[in-house]
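Working notes, structure below.
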Amino acid sequence: MNYPIDPLEQLSNEELESLAAYEHPLSDSNIQNIQGRFVAKTAECAQVEEAAQAESAAIATAATVRTGRQAKPRRRLLMVAAIAAVFVLLVGFTSANRIYELYYQYFGEGANIAKYVSEIGQSASDQGFKMEVLSAVNDGENTYLFVEVTDETGDRLSDDATINRWSMTGSRPLGGGGSTLVGYDPATKTATFMIHSISAKPGDSVLFTLSSFMSGVVEYRIAANDINIPQLLAENEGDFVKRNTLEGTSGGFSTKFYEDGNDLDKVKEILELDAFALAIPGCDKAWISNIAYRDGKLHVQLGRDSDRGNAATWLALVNKRTGEELQSYYSIGAGQRNEDGLADHEEYVFEIAREALGEYCFLFEGFYYTQVIDGVWEVGFEVPERMDTIIKKVGATVNVSGTPVKLESVELSSLGITVRMQGAVKVGAELDIDVVYEDGSVYSITEEGMSVIFQDAGANTHTFTIVRPLPGLERVDHLIINGTRIDL
Amino acid sequence: MDEARIIKGLRARDEIAFAQAISSYSRLLWVVASRHLAKADGFTGHDIEECIADVFLDLWLNNERYDPEKGSLKSYLCVLTSRKAISRYRRAAQTKVVSFEDLRQDEEPSSEEAADVEDYGDLYRAIVHLPEPTREILVRRYFYNQQPAEIAARTQLPKKEVENRLYRAKQSLSSSLPTRYKEAL
């Protein structure tokens, strides 16, 4: 009997999605979830198969030292034990499934990461919150944790939660990393974070500490029509003072600022701090603390509330007639650093003719968190065994953004690629890497824009860690990095 | 990756081939599964995801069961999905009686139905331009195989109105309608 052709087979993906909307709306995340569930199920089956094979081996061993008559009942007992082992594994499947899904959700399709994941399952509670380190995986260079935070007593955790401070310490100093919110369950008030930690090694005993997180974002966007810029400038024009660079430089700049050959470190003078304090109508997180006009540029200094939940305030100008927005030429931090590491003042500089100022008003945008939760949640665990990794020393020269640089080594794991190179590589330089398999198929790690690239530049040595899952690591034949073939 | 290459990869339990197959066919299988696991019966998108993941797991474990001589991989996956969805439906609703239409999904289609298959692309494109709620009624009838009474319950329209709209659609879309649906109206 042939397989019947389903009429739906004739429809395009767009048409199918349109049909799906009438019963169960379908999005790309559903497809990702299916991928994740599939990976979880195959990993579970692999565990079951391994358990069964181990039991079979035990049976065979036992049988060889017994007579045929004695082996039969023994075999029956061991088969029962094997079935029990399978049952135990299946009972544990739900939590493992969740963990595999999380890894899959974060790392995307194609990777067989699940088999390398170690369940941690350690938790700590403080301030009415429970933190659980679910699992970890390591590729020698990077350790990835999934951590859940649950509000057990209140309603203080929302789907915009962010980790403010965490650390991972061991018997030796560990490098930095990052954290990302990857999921939120409103029913249990649980936020799930992925933590990426650099330089913990397999077998290290480490202590993961969460000490602060925030939640409950409020965003604002205020056009301050009530503030007359030319009048404010005429009545309060401030003075410039020498910038104290001891505290380091923070701020931002436009493309034009960079193309004009400028550098924030070269900014020598800033506005005097706190010449006055003008409240911003509708905003209690920042205020105008000085203003001046010099050399074709408007300088406006903002003071900002030191509350740690006060995440960011940005200033732009908006044309009152056309609505066109004018972003700053550059901005630079000033004053003291708050507890959150941000400067308590920021000076915004706009390229604008003085006579045009009357056409514009200030536009304040920003966001803050209503919940800042401090505490101590600590869990100790052992960094899991390193997953299969290919390490290759290379001496080839590769063209990176127009500059020839020496490629020192590449490391490939199912989690991604680490490339080390020596030479003058600009921050933000791009690597275009094709992974070529034995059968000639190519997996481009940059084509879908999902790669997360950590570039650590120091002493002219650059390390690119590209978090991008690699399927079929054992079948990789060679790489092509920016057009240069690297045999493995 | 074309179907031949996917099939070759599936035989070898190649991760890329499975990822590609899931990416290529899940939208189709989503609607196939949704025919049996309706929202009104308490099923959610998670159930559909689980059902389709089970289909691919089945393919992973028993890929030798797919015989290219009997039809395309796409068709095989549709059959497998219908079976998995019906099983899931039965497990979830022990007391419910599975309809004859559900059970028919396991059967080979008649030659008349096979001929009807030719019409579905045109039918979709004819329906998609109709105003709501007529479009939803026709989608539920022709693509989800729902009966007028079920459609009435799910759209909260009187059954008579559903029947009237189906009748008028039959008149205006007569050239696009598969034969068996013309007869059903």
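The values are calculated or read from the model by the stated rules, or taken from the named source; none is laboratory data. Please read all numbers here as calculations on a predicted model, not as lab measurements. For neighbour counting, all protein chains shown are included, and Cβ atoms are generated from backbone atoms with ideal geometry for every residue, glycine included.
A few remarks follow.
- Any hit, segment A:449-469, residues being modelled with pLDDT of 80 or more, of a type outside the set (S, T, N, Q) and surrounded by 13 or more Cβ atoms within 10 Å (Cβ to Cβ): no
- When residues in segment B:25-42 are screened for being more than 7 Å from chain A (Cβ to nearest Cβ) and either assigned to a helix (DSSP H, G or I) or farther than 18 Å from A:GLU17 by Cα (or both), 8 of them pass.
- Candidates A:GLY380, A:GLY375, A:GLY366, filtered to the one that is closer than 30 Å to A:THR209 by Cα and touching a Cys at 6+ places or on another chain (Cβ under 9 Å): A:GLY366
- Looking across A:GLY309, A:GLY251, A:GLY296, A:GLY303, one residue alone is small (Gly, Ala, Ser), crowded, with 16+ Cβ neighbours inside 10 Å and over 15 Å from A:GLU347 (Cα atoms). It is A:GLY309.
- Strands (runs of 3 or more DSSP E) contained in segment A:222-309 and holding at least 1 residues among the β-branched types (Val, Ile, Thr) and within 20 Å of A:PHE367 (Cα to Cα): A:278-280, A:283-294, A:297-304
- Residues being within 16 Å of B:VAL79 (Cβ to Cβ), more than 7 Å from chain A (Cβ to nearest Cβ) and either part of a helix (DSSP H, G or I) or touching a Leu at 6+ places or on another chain (Cβ under 6 Å) (or both) - total across segment B:44-63: 6
- Subset of segment B:118-145 (residues that are free of Cβ contacts under 8 Å to residues at least 12 places away in the same chain, over 12 Å from A:GLU15 (Cα atoms) and either touching a strand residue (DSSP E or B) at 6+ places or on another chain (Cβ under 6 Å) or facing chain A (nearest Cβ under 10 Å) (or both)): B:GLU118, B:ARG135
- Yes/no for A:LEU264 being of a type in the set (A, V, I, L, M) and either crowded, with 16+ Cβ neighbours inside 10 Å or touching a His at 6+ places or on another chain (Cβ under 6 Å) (or both): yes
- Looking across A:ALA40, A:ALA52, one residue alone is more than 7 Å from chain B (Cβ to nearest Cβ), closer than 19 Å to B:GLU50 by Cβ and at pLDDT below 80. It is A:ALA40.
- Pairing each residue of segment A:113-137 that is within 15 Å of A:ALA200 (Cβ to Cβ) and of a type in the set (S, T, N, Q) with any residue that is modelled with pLDDT of 85 or more and part of a loop (DSSP other than H, G, I, E, B), provided the two are 6+ apart or on different chains, yields C-beta distances under 9 Å for A:SER118/A:VAL383; A:SER118/A:PRO384; A:SER118/A:GLU385; A:SER135/A:PRO384.
- Filter result for B:ILE86 (closer than 26 Å to B:ARG154 by Cβ and without any contact (Cβ under 8 Å) to a residue 60 or more places away in the chain): yes
- Lone unmet requirement of (1) at pLDDT below 80; (2) surrounded by 15 or more Cβ atoms within 10 Å (Cβ to Cβ) for A:LEU145: (1)
- Options A:ALA316, A:ALA312: the member that is in contact with a Ser or Thr (Cβ under 8 Å, 6 or more places away or on another chain) and either among the small types (Gly, Ala, Ser) or under 18 Å from A:ILE291 (Cβ atoms) (or both): A:ALA316
- The condition of being basic (Lys, Arg) and either buried (at least 19 other Cβ atoms within 10 Å of the Cβ) or touching an Asp or Glu at 6+ places or on another chain (Cβ under 9 Å) (or both) does not hold for A:ARG354.
- For segment A:16-30, a residue qualifies if it is farther than 23 Å from B:HIS129 by Cβ and either in contact with a Phe, Trp or Tyr (Cβ under 6 Å, 6 or more places away or on another chain) or facing chain B (nearest Cβ under 7 Å) (or both), and the qualifying residues are A:HIS24, A:ASN30.
- Residue check for A:ARG420: in contact with a strand residue (DSSP E or B) (Cβ under 8 Å, 6 or more places away or on another chain) and surrounded by fewer than 18 Cβ atoms within 10 Å (Cβ to Cβ): no
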